[in-house]
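Here the structure is laid out as structure tokens; the discussion comes afterwards.
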Amino acid sequence: MIRLALHGGAAVRKVVSFPGWPVFGLEERTRLLEVFDSGQWWYGEKVRDFEEKYAAFQDARYGVTCANGTVALETALLACGIGAGDEVIVPPYTFMATASAVLKVNAIPVFADIELDTCNLDPIDVERKITNKTKAILPVHLGGLPVDMDAFKILARRHKLVLIEDACHSWGSKWKGKGTGAIGDCGVFSFQMS
Ligand SMILES: Cc1ncc(COP(=O)(O)O)c(C=O)c1O
């Protein structure tokens with residue numbers, strides 16, 4: 001693990017302020033107006049185009065747009081057959097939607113601990129939390145830092161669990177050369193600021 005600047009390592013970021021959010025310019029304005037003027041405000045050509053390009057950008061075979069990351073999480077859980085009484089292992093250090101989406105589909109979020117050095121879900125503690133009700137593992141690539149996908153894939157295979165990636169923070173992140181969100185059974189993204 002690289003030594004953090006906080007602990008005397010070299011600073012990666014030299015300027016103090018971070019860019020504002022959302023980031024947009026003339027291209028976004030133009031595209032938005034094109035949709036507005038087209039009168040086709042429902043599922044149309046631009047959405048389909050976006051789904052294809054975003055899926056390719058993230059190395060996924062398919063992409064489906066949703067209203068936001070929370071709805072995408074709920075949709076992914078339902079699509080993977082998670083329902084009443086099933087347990088889904090999630091990290092305690094994340095945005096609330098990772099756990100609330102599990103509740104929304106009537107399943108039970110079970111917290112496993114995070115690793116001290118990455119703050120990501122700890123596969124060792126996840127294995128301790130597996131019961132005969134566990135149906136899925138839902139790790140979060142926190143702040144764009146991928147979780148140990150090799151370890152989670154092995155765990156999922158060994159215990160016959162679904163592996164859903166909460167990739168809401170990790171557009172463009174790669175794990176061993178492959179885009180996050182496209183490594184497990186499915187992955188979920190968000191366009192909120194994190
Ligand atoms: C880790 C994580 N998962 C899911 C979500 C939900 O995304 P959205 O705000 O687009 O519903 C967020 C949003 O902050 C998030 O940080």
What are the ³J(HN,Hα) couplings of region 102-114, residue after residue, when phi is run through the Karplus curve with 6.51, -1.76, 1.60 and θ = phi - 60°? Round to Hz, x for glycine and proline. 5, 4, 4, 9, 6, 9, 10, x, 10, 8, 10, 6, 9
Full-extension gain between M193 and K129, please, as 0.36 nm times their residue separation minus the C-alpha to C-alpha distance. 19.9 nm
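Fewest to most neighbouring Cβ within 10 Å: what's the order for L73, L121?
On the way: L73 26, L121 30.
The fewest-first ordering by Cβ neighbours comes to L73, L121.
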Value of relative contact order over the chain, rounded to a whole percent, pairs C-alpha under 8 Å and six or more apart: 18 percent
Under-19-angstrom lysine pairs by C-alpha in the chain, whenever the two are 8 or more apart or on separate chains: 13
For a quick protection proxy, order the peptides 179-192, 47-60 by their average other-Cβ count within 10 Å, most packed first. 179-192, 47-60
Just to verify a number: FRET efficiency for Y93 and F24, C-beta to C-beta distance, R0 = 35 Å, to 0.05? 0.70
Rounded to the nearest 500 deg cm²/dmol, what is the calculated helix-only ellipticity per residue at 222 nm for the chain, with -39500 (n - 2.57) per DSSP H run of length n ≥ 4? -9500 deg cm²/dmol
Give me the distance between the Cα centres of region 12-26 and region 150-181, rounded to whole Å. 28 Å
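Using the Kirkwood formula on the Cα atoms of the chain, what hydrodynamic radius do you get, in angstrom to one decimal?
Numbers: mean 1/r = 0.0551 Å⁻¹.
One over the average 1/r among Cα pairs gives 18.1 Å for the chain.
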Under a plain spin-label model, where a point goes 7 Å from the Cα along Cα-to-Cβ, how far apart in nm are V16 and F36? 3.7 nm
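Here, each number is a calculation from the coordinates, and none is a lab measurement. Since the model is a prediction, treat every value here as computed from it, not as a measurement. Neighbour counts run over all protein chains shown; Cβ positions are idealised from the backbone, glycine included.
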